[in-house]
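Scroll down for the structure; my scribbles are underneath it.
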Amino acid sequence: KQEVTQIPAALSVPEGENLVLNCSFTDSAIYNLQWFRQDPGKGLTSLLLIQSSQREQTSGRLNASLDKSSGRSTLYIAASQPGDSATYLCAVTGTGNTNAGKSTFGDGTTLTVKP
Amino acid sequence: GAVVSQHPSWVICKSGTSVKIECRSLDFQATTMFWYRQFPKQSLMLMATSNEGSKATYEQGVEKDKFLINHASLTLSTLTVTSAHPEDSSFYICSAGRGLLGNTIYFGEGSWLTVV
């Protein structure tokens, strides 16, 4: 059974700092990995999606990497801003007959960027 | 733009009533959709797999008679929370699979349910 772990559970940094969020998964048979942002009381916003054949994806100040063989992904946020404060979720989507399309989420990292 | 639409985004209902949440794929046909829920300070957990034209497959521990799933068309799946109680208050989100194998997954925006 796929398990996704996110470290740290919470992170507080001063504005302007670069930071890294970590995600690990136990089953490397994934179709893709996705990073989401969730604000309190709001829905999910997809940030970056990495296909299993890819190593990284970039969007603005965000860069996500994927090492499928070791079961790890990182989300790098450059020059953090108070508006980046949110919970960041990592999710892997399975493949194969049993798990195709099913996503397993981590518990999230709650980020606070202080002005 | 969004390729999977979920409605409503927010809903408040009285205890004992039923509430329906819709999940629509906007520009593709999805034979399979998935429903997840998130309890406070917990991760999103798969509830069930919705299959067009057949019965949904529920994950262990999810009451199929309480969480009715209907996937009557290739673009619409609905989740009905029957006889809702305050403990059903949660964030519910759906995803739909696109492509030949349905592996390209798109998530809806999610729905916040509060039962009072």
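The values are calculated or read from the model by the stated rules, or taken from the named source; none is laboratory data. All values derive from a computational prediction rather than experimental measurement. With ideal geometry, Cβ positions are generated from the backbone for all residues, glycine too; neighbour counts draw on all protein chains shown.
Taking A:ASP27 and the conditions (1) more than 11 Å from the chain's Cα centre (by Cα); (2) part of a strand (DSSP E or B); (3) charged (D, E, K, R), which numbered condition does it fall short on, given that it satisfies the others?
A:ASP27 satisfies all of (1) more than 11 Å from the chain's Cα centre (by Cα); (2) part of a strand (DSSP E or B); (3) charged (D, E, K, R) except (2).
Looking at B:ARG24, B:ARG98, B:ARG37 in this structure, which one is charged (D, E, K, R) and farther than 15 Å from A:SER103 by Cβ? Reasoning before the result, please.
On the way: B:ARG98 fails: farther than 15 Å from A:SER103 by Cβ; B:ARG37 fails: farther than 15 Å from A:SER103 by Cβ.
Exactly one residue qualifies, and that residue is B:ARG24.
Can we say A:LEU66 is free of Cβ contacts under 8 Å to residues at least 40 places away in the same chain, within 14 Å of another protein chain (Cβ to nearest Cβ) and within 14 Å of the chain's Cα centre (by Cα)?
Details: free of Cβ contacts under 8 Å to residues at least 40 places away in the same chain: yes; within 14 Å of another protein chain (Cβ to nearest Cβ): no; within 14 Å of the chain's Cα centre (by Cα): yes.
No; evaluated as a whole, the condition is false for this residue.
Is it true that some residue in the stretch B:98-108 is touching a Cys at 6+ places or on another chain (Cβ under 8 Å) and within 11 Å of chain A (Cβ to nearest Cβ)?
Restricting attention to the stretch B:98-108, the residues satisfying the condition of being touching a Cys at 6+ places or on another chain (Cβ under 8 Å) are B:107-108.
After this cut, where a residue has to be within 11 Å of chain A (Cβ to nearest Cβ) as well, the list is B:107-108.
Checked against the condition, which is being touching a Cys at 6+ places or on another chain (Cβ under 8 Å) and within 11 Å of chain A (Cβ to nearest Cβ), the stretch B:98-108 yields at least one hit.
Among the residues of the stretch A:104-115 satisfying the criterion of being within 20 Å of A:GLY41 (Cβ to Cβ), of a type outside the set (Ser, Thr, Tyr) and assigned to a strand (DSSP E or B), which is farthest from the other protein chains (Cβ to nearest Cβ)?
This residue is A:VAL113.
Before we move on, is B:LYS55 within 11 Å of chain A (Cβ to nearest Cβ), closer than 30 Å to A:GLU3 by Cβ and of a type in the set (Lys, Arg)? I'd like the intermediate steps shown before the answer.
Numbers: within 11 Å of chain A (Cβ to nearest Cβ): no; closer than 30 Å to A:GLU3 by Cβ: yes; of a type in the set (Lys, Arg): yes.
It is false that B:LYS55 is within 11 Å of chain A (Cβ to nearest Cβ), closer than 30 Å to A:GLU3 by Cβ and of a type in the set (Lys, Arg).
Can you pull out the residues in the stretch B:69-91 that are without any contact (Cβ under 8 Å) to a residue 40 or more places away in the chain, buried (at least 21 other Cβ atoms within 10 Å of the Cβ) and within 16 Å of B:TRP112 (Cα to Cα)? Reasoning before the result, please.
Here is the first cut: in the stretch B:69-91, the residues without any contact (Cβ under 8 Å) to a residue 40 or more places away in the chain are B:69-73, B:87-89.
From what's left, buried (at least 21 other Cβ atoms within 10 Å of the Cβ): B:69, B:71.
Listed by number, the list is empty, since nothing qualifies.
Identify, please: which residue in the stretch A:69-103 is within 21 Å of A:ASP27 (Cα to Cα) and in a loop (DSSP other than H, G, I, E, B) and is, among those, nearest to the other protein chains (Cβ to nearest Cβ)?
In this case the residue turns out to be A:GLY101.
Just a yes or no: is a residue in the stretch B:62-72 of a type in the set (Phe, Trp, Tyr) and away from chain A (no Cβ under 14 Å)? So that I can check it myself, show each step before the final result.
We begin by selecting, within the stretch B:62-72, every residue of a type in the set (Phe, Trp, Tyr); these are B:67.
Within this subset, residues satisfying the condition of being away from chain A (no Cβ under 14 Å) are B:67.
Scanning the stretch B:62-72, I find at least one residue that is of a type in the set (Phe, Trp, Tyr) and away from chain A (no Cβ under 14 Å), so the answer is yes.
On the given criteria, is B:LEU46 among the aliphatic types (A, V, I, L, M), within 16 Å of A:ALA100 (Cβ to Cβ) and modelled with pLDDT under 90? Step through it out loud before you land on a result.
Values: among the aliphatic types (A, V, I, L, M): yes; within 16 Å of A:ALA100 (Cβ to Cβ): yes; modelled with pLDDT under 90: no.
Here the answer is no, as B:LEU46 does not meet what is asked.
If a residue has to be loosely packed, with under 13 Cβ neighbours inside 10 Å and closer than 12 Å to B:ILE21 by Cβ to count, how many in the stretch B:43-68 make the cut?
Matching residues across the stretch B:43-68 total 0.
Does at least one position in the stretch A:27-36 carry a residue that is within 11 Å of chain B (Cβ to nearest Cβ), touching a residue at least 24 places away in the same chain (Cβ under 8 Å) and closer than 14 Å to A:THR109 by Cβ?
yes
Would you check which residues across the stretch B:6-24 are of a type outside the set (Val, Ile, Thr), in a strand (DSSP E or B) and within 14 Å of chain A (Cβ to nearest Cβ) and list them?
Start the filter on the stretch B:6-24 by keeping residues that are of a type outside the set (Val, Ile, Thr), which leaves B:6-10, B:13-16, B:18, B:20, B:22-24.
Applying the additional criterion that residues be in a strand (DSSP E or B) yields B:6-7, B:10, B:13, B:20, B:22-24.
B:GLN6, B:HIS7, B:TRP10, B:CYS23 - these are the residues of the stretch B:6-24 that are of a type outside the set (Val, Ile, Thr), in a strand (DSSP E or B) and within 14 Å of chain A (Cβ to nearest Cβ).
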